[in-house]
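Accompanying notes for the structure given below.
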Amino acid sequence: MNAKNRTTSVELLRFLAATGVMMFHFGSIYLNSDAYNPSVYVFKTMLDAGLRQNRVYTPYAYVFVEFFFMTGGFLMLKYLDERKDPLRPGAYILHKIRSFYSIFIIAFCAQFIFYIIINHIHGIAGFFDALMHFKWEALLLHCAGFLKDPSFNVDYLLGQDWYLSALVLALVVVYPLALYYRKFYDRLFAPWMTILLYAVLLQTYGTLNVGSEYLAFISVAIIRGVAGLCAGSLAYTIFCRLREKRLTASGLRILSVIDILLWLSIPVLLAPGLFTSDEDILFYILIFGGIIVLGFWDKTPWSHFLNTHCTRLFSYLGGISLYLYLLHWTVMTAMSQYIPQLSPPLAIVLFFGITFGLSALLKYFDRKRKSAVPVAVIAAGLLCIALAAAL
């Protein structure tokens, strides 16, 4: 999409959200050196240990995933209002999958190489057994409940791509309701599901940082996805109401101050040690919603400034955020395996530098390719490397 057609204030926050999630994972896994054991592939154990020891550099940055869900819900309703003949549910979900699947499958195959190496998988039979073990993830169905007590990096190859599976499966529920029963969705389903589902997560688990757990027969990731999409839909409803109103000068000044305060809360979230409970973090659902609404409204001085300055840069950063999100786990895996326990400053510079460089290359490749054939060739080449490592 052309930079002029993007709401670049939201694109900037998308980039900050991706880097926040990267820092959360890197701080809780790689930088938690006491929990690191280079001979065992136990990232989930390291993550739990890092959280228990309060060694995470950005311990609550996981809430940025809620921002990703919320933008999905906001843009879903915006799409439905702007299209006279919107896509049917299956076509819409397939369209969403096509927008990120090429990046995902390349990251999936690259990570599989390290899975083979780190777990000492040998032989052709071992290679195909391992590959089939992750079949549901390759199909983005690993949050559908087909795995018993799944854990990251054991049953999930990429620890962060549960979000994509949860998004797809949540859209199966949310999009048809928004398409065919819009009034019911806007007035009842979206507001109540936002409240009830986030309450269920906090009352059951005490945190929003859940994804692979099951609540009865349903993956918590899907519950979190539906809640986030509904929260984003509520933000769109508020945006529509705000767009219709004629504000007084004093009302605009109040919203302008609120806009600045909302943005100032983002670096506060990234600062370690300022929050004491996961219940406090739930407030960021309101903060993200406010930034999205005011960003698309584009009437407050700060959001208008972000939407009209550095548009190429912010648009690029927003566009590269998905690449950063999907590739950083593999970079972290490689660093943990081959250059463990570097000093934090050097490790952070290498981690972000390598991830950003690879993301920029893949984004350029993705923009230039004309078909899915180059993606299939790269994926097949990565799997051949994994097979060679197993022989």
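Coordinate-derived values only; no laboratory data. Worth saying up front: this structure is predicted, and the values here are computed from it rather than measured. Cβ atoms come from the backbone with ideal geometry, glycine included; neighbour counts cover every protein chain shown.
Things worth noting here:
- Leading residue at positive end of dipole, region 146-250 (Cβ point charges), from PHE184, SER250, TYR163: SER250
- Nearest-ten-degree value, helix 344-368 long axis tilted from longest Cα axis of the chain: 80
- Principal-axis analysis of the Cα atoms of the chain puts helix 190-205 at an angle of about 40° to the longest axis.
- Computed from Cα atoms, the angle from the helix 123-133 axis to the main principal axis of the chain rounds to 20 degrees.
- Estimated inter-spin distance, LEU391 and HIS133, nm [label 7 Å along Cα→Cβ]: 2.2
- Nearest-0.05 FRET efficiency for ARG187 and LEU242, computed from C-beta distance (R0 25 Å): 0.90
- A simple rule links phi to the HN-Hα coupling: the Karplus curve 6.51 cos²θ - 1.76 cosθ + 1.60 with θ = phi - 60°, which for region 172-181 gives 4, 7, 7, 4, x, 5, 5, 6, 9, 10 Hz, with x for Gly and Pro.
- Ordered by the number of other Cβ atoms lying within 10 Å of each residue's own Cβ, fewest first, VAL173, VAL65, VAL168 fall into the sequence VAL173, VAL168, VAL65.
- Note on VAL349, VAL375: ascending count of other Cβ atoms within 10 Å places them as VAL349, VAL375, the fewest first.
- Which label in (i) 5, 21, 25, 21, 15, 9, 3, 0; (ii) 5, 21, 31, 23, 10, 5, 3, 2, 0, 0; (iii) 5, 22, 33, 26, 11, 2, 0, 0 gives the computed P(r) over Cα pairs in 10 Å bins from 0, in percent: (iii)
- Which of PHE283, PHE67 has the fewest Cβ neighbours within 10 Å, and the rest in rising order: PHE283, PHE67
- For TYR156, distant residues with modelled amide H under 5 Å away: SER151
- For region 154-163, backbone phi angles converted through the Karplus equation (6.51, -1.76, 1.60; θ = phi - 60°) give residue-by-residue couplings of 10, 9, 10, 6, 9, x, 10, 7, 4, 4 Hz, Gly and Pro being listed as x.
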